[in-house]
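One structure is given here, and the rest of the page talks about it.
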Amino acid sequence: MTRTLTHWTIEDYHRMIASGLLAGRQVELIDGQIVDMAPELPIHRATYRRGVKYLEALLGERAVIFSAAPITLPKHGEPQPDICVAVPPESRYDQRHPEPEDIYWLIEVSNSTLAYDLDEKAKLYAKSGIQDYWVLDIVNTQLWVHRNPHDGDYKSVVRVSTGTLTPLALPGIAIEVARLLG
């Protein structure tokens, strides 16, 4: 007997959430599969909270910063990146989550999920056309910068641990790597 997995749509997923079926569960929809999210250690939460505060102070009204909140990738699901830097105003997201055309860049904080964030999550975001995807590698104190998505992969992946970075969507901004790494 051949077994197949059920492929859930975003609409199915939203109905499950609305019905309470997923209440109290830490899950996200990835390529049609409802996936349990990794448990969060204090260093993980502290790192993305510091990052959110830094980016909010630095960017002000130029961007909306979401933390540990869903984004909608119309063909690929609803992951919950640790930080999403999105086009303002915040009111545009009153009835929907940010979608790829709304997203300046995404940041995942990784202390126990580095391989997943650098492989599966990177491919997911590249397939959806996310131009700038960063992974904060807590264990190795470095930042992985993924750019130029093409055919489901990023053509440019660079590791940095010092200096400043300029997000592709906000060329006048200098992000201090050390401030993100904490």
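The values are calculated or read from the model by the stated rules, or taken from the named source; none is laboratory data. Since the structure is predicted, the reported quantities are computational estimates derived from the model, not experimental observations. No Cβ is skipped: glycine too gets one built from the backbone with ideal geometry, and neighbour counts run over all protein chains shown. Just so you know, the surface numbers come from the protein's heavy atoms only, side chains and all, with ligands and any DNA or RNA stripped out. Shrake-Rupley method; radii C 1.70, N 1.55, O 1.52, S 1.80 Å.
Annotation for the stretch 89-99: no member residue is under 16 Å from L170 (Cα atoms), open to solvent by 10 Å² or more (accessible area, probe 1.4 Å), of a type in the set (G, A, S) and over 11 Å from the mean Cα position of the chain (by Cα). Yes or no: M1 modelled with pLDDT under 95 and under 16 Å from the mean Cα position of the chain (by Cα)? So M1 fails the test. Only a single criterion out of (1) assigned to a helix (DSSP H, G or I); (2) open to solvent by 40 Å² or more (accessible area, probe 1.4 Å); (3) at pLDDT 95 or above; (4) out of contact with any Pro (no Cβ under 9 Å at 6 or more places or on another chain) is not satisfied by G51, namely (2). Just checking, does the stretch 20-38 include any residue being of a type in the set (D, E, K, R), surrounded by 11 or more Cβ atoms within 10 Å (Cβ to Cβ) and under 17 Å from the mean Cα position of the chain (by Cα)? Yes. Within the set A86, A126, the sole residue that is under 12 Å from the mean Cα position of the chain (by Cα) and either more than 16 Å from G51 (Cβ to Cβ) or hydroxyl-bearing (S, T, Y) (or both) turns out to be A126. Within the stretch 114-125, the set of residues being hydroxyl-bearing (S, T, Y) and surrounded by fewer than 21 Cβ atoms within 10 Å (Cβ to Cβ) comprises Y116 only. The selection criterion, being open to solvent by less than 10 Å² (accessible area, probe 1.4 Å), under 17 Å from L180 (Cβ atoms) and not acidic (D, E), holds for L59. The residues of the stretch 71-93 that are in contact with a strand residue (DSSP E or B) (Cβ under 6 Å, 6 or more places away or on another chain) and either without any contact (Cβ under 8 Å) to a residue 24 or more places away in the chain or within 21 Å of D137 (Cα to Cα) (or both), listed by number, are P79, Q80, P81, D82, I83, C84, V85, A86. Would you confirm, using the coordinates I've provided, whether W144 is aromatic (F, W, Y) and over 11 Å from the mean Cα position of the chain (by Cα)? Judged against the criteria, W144 is a match. Count of the stretch 39-48 residues, restricted to those that are open to solvent by 50 Å² or more (accessible area, probe 1.4 Å) and among the polar types (S, T, N, Q), is 0.
Need a quick list: strands (runs of 3 or more DSSP E) entirely within the stretch 94-173 having at least 1 residues that are out of contact with any His (no Cβ under 7 Å at 6 or more places or on another chain) and touching a residue at least 40 places away in the same chain (Cβ under 8 Å).
Output list reads 103-110, 132-137.
Within the stretch 126-182, if we keep just the residues that are farther than 24 Å from I43 by Cα and small (G, A, S), the residue that is most open to solvent (accessible area, probe 1.4 Å) turns out to be G172.
Answer yes or no as to whether E78 is touching a Phe, Trp or Tyr at 6+ places or on another chain (Cβ under 7 Å) and over 18 Å from L180 (Cβ atoms). Considered against the rule, which asks whether it is touching a Phe, Trp or Tyr at 6+ places or on another chain (Cβ under 7 Å) and over 18 Å from L180 (Cβ atoms), E78 comes out as yes.
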